[in-house]
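Working notes, beginning with the structure itself.
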Amino acid sequence: MLTLALNKGRIFTEAVPILERASLVLPGQFKNTRSLVFEPAEKSGLRVVVMRGADVPVYVEHGAADLGIAGKDSLLEHPTHEYFERLDLGIAKCRIMSAGLRHAELDHTRPLRIATKFVRTSARFFAQQGQEVRFIKLSGALEVAPRLQLCDLIVDIVDTGETLRANGLVPLDTIAEVSSRVIVNRTALKVKQAEVLACLSRLQDSL
């Protein structure tokens, strides 16, 4: 049996039809339930565990899950050699971007204050730009931070940009393109190679 860690929310909603087309889960298996663990549908051999996106790579890294489906944003924040990124599902697309107040003038001669939960990803980007920064880690409500002078810029997930504009912000630099990826535990790929490759093949054929 294989265990798949699946990101809840938008990724879950868009990934389930792919899993159904691949006959890895039963149609309607996830409807009308608050359960987070779904035992294998008949003949699929795939147990699905639903969790927060940031936790998916942790479960796969430590072998508690053989495979995972998570956004590239979560993977960038949790780099490890204990899993392989094997398939881009092309769903839940968005971008990690910097954003700031409209018409704000930034003083690049001093460290910029960046509010974000994507500290590692942002650090790599600004280091490449040669810009010194200081991070303020926030988990939500980033859009108000520049208006309250908590920071100079934010780095966050941007889809349409409507939330930024509604709060007087404008998108600036694209730091990373994001979509949902399938990751595989290194050990599982060796010990359960046939099952893992068959699962990946069925997912690929269902895109």
Starting from the amide H of Leu138, placed 1.01 Å from N in the peptide plane, find each other amide H under 5 Å away whose residue is 5 or more places distant or on another chain. Thr116, Lys117
Once label points are set 7 Å from the Cα along Cα→Cβ at both Gln204 and Gln131, what is their separation, rounded to one decimal in nm? 3.9
Nearest 10 degrees is fine. How inclined is helix 119-129 to the longest principal axis of the chain, computing both from alpha carbons? 50
Taking Cα centroids, how far is segment 119-134 from segment 5-33 in Å? 36
Name the long-range amide H neighbours of Thr3: under 5 Å, sequence gap of 5 or more, or other chain; modelled H, no Pro or chain starts. Arg47, Asp66, Leu67
Enumerate the residues in segment 75-104 having an amide nitrogen under 11 Å from the point lying 7 Å beyond the Cα of Leu172 toward its Cβ. 98-104
Listed highest first by mean packing, meaning other Cβ atoms within 10 Å per residue, what order do 150-156, 25-31 come in? 150-156, 25-31
In degrees, nearest 10, the alpha-carbon axis of helix 193-205 is tilted away from the dominant principal axis of the alpha carbons of the chain by 70
Cα centroid separation - segment 184-202 against segment 54-69, whole Å: 14
By how many degrees, 0 to 90 and rounded to 10, does the Cα axis of helix 10-21 deviate from the longest principal axis of the chain? 30
List the pairs from Lys137/Lys192; Lys117/Lys190; Lys8/Lys192; Lys31/Lys137; Lys117/Lys192 whose alpha-carbon separation is above 30 Å, in the order I gave them. Lys137/Lys192; Lys117/Lys190; Lys31/Lys137; Lys117/Lys192
Search the structure for amide H atoms under 5 Å from the amide H of Leu172, placed 1.01 Å from N in the peptide plane, and list their residues when 5 or more places away or on another chain. Ser98, Ala99, Gly100
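Each reported figure results from applying straightforward, stated rules to the coordinates on display, with no laboratory input. None of the values given here were measured: they were computed from a predicted structure. Don't worry about glycine lacking a Cβ; one is built from the backbone with ideal geometry, like all the others, and counts go over all protein chains shown.
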